[in-house]
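S.K.: Below are the structure tokens for one structure; questions will follow.
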Number of protein chains: 2
Amino acid sequence: MSLRNAILALLTVEPMTGYDLLKHFEASVGHVWHAPDSQIYPALRAMEKDGLLEGTDVTWGQRGTKRRYAITEAGRTAFREWMDTPLDYPRDRDPVHLKAAYLEWATPDAARLQLRAHIAHYTERLEQWREKIREIETGGSDMLNRRLATVPSSQHERTIAFKRYTYEGMIARADAEIAWAERGLKLLDELE
Amino acid sequence: MSLRNAILALLTVEPMTGYDLLKHFEASVGHVWHAPDSQIYPALRAMEKDGLLEGTDVTWGQRGTKRRYAITEAGRTAFREWMDTPLDYPRDRDPVHLKAAYLEWATPDAARLQLRAHIAHYTERLEQWREKIREIETGGSDMLNRRLATVPSSQHERTIAFKRYTYEGMIARADAEIAWAERGLKLLDELE
DNA sequence: GTGCACTATCTATGTGCATAGATAGTTGCC
DNA sequence: GGCAACTATCTATGCACATAGATAGTGCAC
């Protein structure tokens with residue numbers, strides 16, 4: 001259900017086409033939730049059928065058309081409901097730690113490579129997330145600015161605070177992962 | 001592919017039935033990787049067909065039979081290969097942080113409930129993982145003891161170290177999640 | 001000797017997602 | 001005027017997994 005709610009969240013700002021949404025899932029929201037077009041377009045059709053969205057065909061150039069989706073009142077309600085409902089946590093299923101538990105089966109070199117890849121992965125994310133926070137703080141986030149334009153200014157602080165808070169969480173996680181992988185590299189050295 | 005490799009990892013210690021494996025996925029390994037019986041049994045059949053396992057029927061009581069699977073040389077090779085191959089990291093898809101980004105849509109009470117649930121979830125895991133480490137350190141882990149019996153004593157330190165290292169990583173992650181949720185609770189107070 | 005918890009396995013249906021490939025119109029540039 | 005890059009959307013196949021329900025034998029306790 002998260003995909004649907006990620007879509008609803010974006011459409012609370014303004015109506016969008018599937019393609020618009022795709023671009024957002026590749027950029028801003030994509031740092032938290034990713035979705036390919038093959039998932040987005042069918043989801044939009046289903047959500048329209050369920051009354052969460054209302055689609056209208058918009059002409060585009062001479063012969064082209066595209067379908068722009070707006071969130072309905074039912075959609076807003078559904079989103080608020082989801083926001084108020086606790087998530088249930090999936091069972092643990094973590095390939096990285098699964099492998100770590102049997103690292104004696106890997107060659108030390110392969111083990112090192114993988115820990116370094118872990119560090120590289122989270123370092124990259126870290127930079128993206130830090131950049132997001134910078135954008136949020138300097139008012140350089142288009143999507144956030146448009147969102148702020150739709151809510152009373154008394155809500156601006158809240159809205160911004162939760163965005164920053166989200167990315168801070170991602171950063172904290174990345175920091176923990178990097179520190180863990182670095183301890184792993186040290187451990188490999190010690191065991192040799 | 002992780003399920004298959006989790007199964008291979010367990011079967012490097014000794015042959016087991018699907019039911020045995022299920023119990024392990026509910027207990028020890030389950031802290032890192034979970035799988036229901038409806039996934040395990042078909043996987044075992046497929047892995048036998050692929051030559052990774054060899055199954056033999058074992059009588060059980062008067063009329064009962066069960067199928068015990070042993071890892072083959074091909075299975076060991078496949079497992080080692082997986083262990084030496086870097087994982088590829090899935091795209092970000094994190095419901096918790098997705099929701100956090102739009103927390104202004106939740107009522108403050110609902111938001112608090114969810115952050116507390118987050119804390120409760122990871123606190124519970126934390127205790128399980130700490131218990132696992134205690135088991136590892138005191139030699140109280142059956143599965144680990146049986147595993148150690150299959151490897152030369154020169155490898156014991158390594159084997160134990162990686163297990164502990166794995167759970168330390170899970171603990172570090174849980175600590176980070178709890179700290180983040182606590183900052184969230186504070187943030188909610190401040191915004192009110 | 002009956003009932004109950006446990007061992008043991010299998011099947012069916014549906015969702016979410018990855019991957020890949022197809023189609024077609026638009027815009028801008030050289 | 002043609003080509004490339006981009007906009008816009010759709011479809012197909014397959015895997016991993018959740019959920020649920022079915023079947024049947026075992027072992028023990030009362």
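S.K.: Please quote Rg/Rh for the range A:31-136 to two decimal places, taking the Kirkwood radius as Rh and restricting both calculations to Cα atoms. Don't jump to the answer; show the numbers that get you there.
M.R.: Values: Rg = 21.6 Å, Rh = 18.8 Å.
Here Rg/Rh amounts to 1.15.
S.K.: Can you tell me how the range A:47-89 classifies by the Cα gyration tensor, rounded, prolate or oblate, using a/c under 1.5 as the rounded cut?
M.R.: Numbers: a/c = 4.23, a/b = 3.03, b/c = 1.39.
Verdict is prolate for the range A:47-89.
S.K.: Okay, moving on. Pull up all non-local amide H partners of B:T17: gap of 5 or more, or a different chain, and H-to-H distance under 5 Å with H placed in the peptide plane.
M.R.: Those lying under 5 Å, H to H, from B:T17 are B:Y69.
S.K.: Past 19 Å, Cα to Cα, is the threshold; run B:K23/B:K66; A:K163/B:K186; B:K66/B:K163 against it and keep the listed order. Show your work: numbers first, answer last.
M.R.: Numbers: B:K23/B:K66 15 Å; A:K163/B:K186 15 Å; B:K66/B:K163 31 Å.
The pairs that break the limit, which is 19 Å between Cα atoms, are B:K66/B:K163.
S.K.: Quick one: net charge of B:Y102's neighbours, Cβ under 14 Å, K/R +1, D/E -1? Write down the numbers at each step before the final one.
M.R.: Working: positive: A:R4, A:R76, A:R80, A:R147, A:R158, A:K163, A:R164, B:K99; negative: A:E81, A:D84, B:D94, B:E104.
Local net charge: +4.
S.K.: How high is the relative contact order of chain A, in percent, with contacts defined as C-alpha pairs under 8 Å that are six or more residues apart?
M.R.: Numbers: 147 pairs, mean separation 36.2, N = 192.
Reported as a whole number, the value is 19 percent.
S.K.: Taking each pair of different alpha-carbon atoms in the protein assembly as shown once, compute 1/r for the pair, average those values, and report the inverse of that mean as the Kirkwood hydrodynamic radius in Å to one decimal. Spell out each step's value before the answer.
M.R.: On the way: mean 1/r = 0.0426 Å⁻¹.
Averaging 1/r across every pair of different Cα atoms and inverting gives 23.5 Å.
S.K.: Further, regarding this structure: Place the label 7 angstrom along Cα→C-beta at B:R93 and in each other copy, then list the distances from the first to the rest in nm, shortest first.
M.R.: Label-point distances to the other copies, shortest first: 1.0 nm.
S.K.: Ok, one more. To the nearest Å, what is the center-to-center distance of the range B:62-116 and the range A:98-148, using C-alpha atoms only?
M.R.: 18
S.K.: So the label point sits 7 Å from Cα along the Cα-to-Cβ vector; using that for A:D57, what distances do you get to the other copies, in nanometres, sorted shortest first?
M.R.: 6.2
S.K.: Here is a follow-up. How far is B:E73 from itself in the other copies, in nm, if each label sits 7 Å out from Cα along the Cα-Cβ line, shortest first?
M.R.: Label-point distances to the other copies, shortest first: 7.3 nm.
S.K.: Within the accessible area of chain B, what % is carbon and sulfur when the probe is 1.4 Å and the other protein chains stay in place? Please report the intermediate quantities before stating the final value.
M.R.: Numbers: 4770 of 9440 Å².
Taking all protein chains in place, chain B shows 50 percent carbon and sulfur surface.
S.K.: Just the Cα atoms of the range A:78-192, one point each, no solvent: what log10 I(q)/I(0) does Debye give at q = 0.13 Å⁻¹?
M.R.: Scattering profile of the range A:78-192, log10 relative to I(0): -0.71.
S.K.: Whose amide H sits under 5 Å from the amide H of A:T72, counting only residues 5 or more places off or on another chain, with H placed in the peptide plane?
M.R.: Here A:L53, A:E54 satisfy the definition.
S.K.: Which chain B residue sits with its beta carbon nearest the axis carrying B onto A, and how many Å away is it, rounded to a whole number?
M.R.: Residue nearest the B-to-A axis, with distance in whole Å: B:A176, 2.
S.K.: Once phi is turned into θ = phi - 60°, what whole-Hz ³J(HN,Hα) does the Karplus curve with 6.51, -1.76 and 1.60 give for every residue of the range B:99-111, x standing for Gly and Pro?
M.R.: For the range B:99-111, the Karplus-derived couplings read 5, 4, 5, 10, 4, 5, 7, 8, 5, x, 5, 4, 4 Hz, x marking Gly and Pro.
The values are calculated or read from the model by the stated rules, or taken from the named source; none is laboratory data. Note that the structure is a prediction, hence the values are computed from the model and not measured. Reconstructed Cβ throughout: ideal geometry from the backbone, glycine too, with neighbour counts over all protein chains shown. With ligands, DNA and RNA removed, areas are computed over all heavy atoms of the protein, side chains included. Shrake-Rupley method; radii C 1.70, N 1.55, O 1.52, S 1.80 Å.
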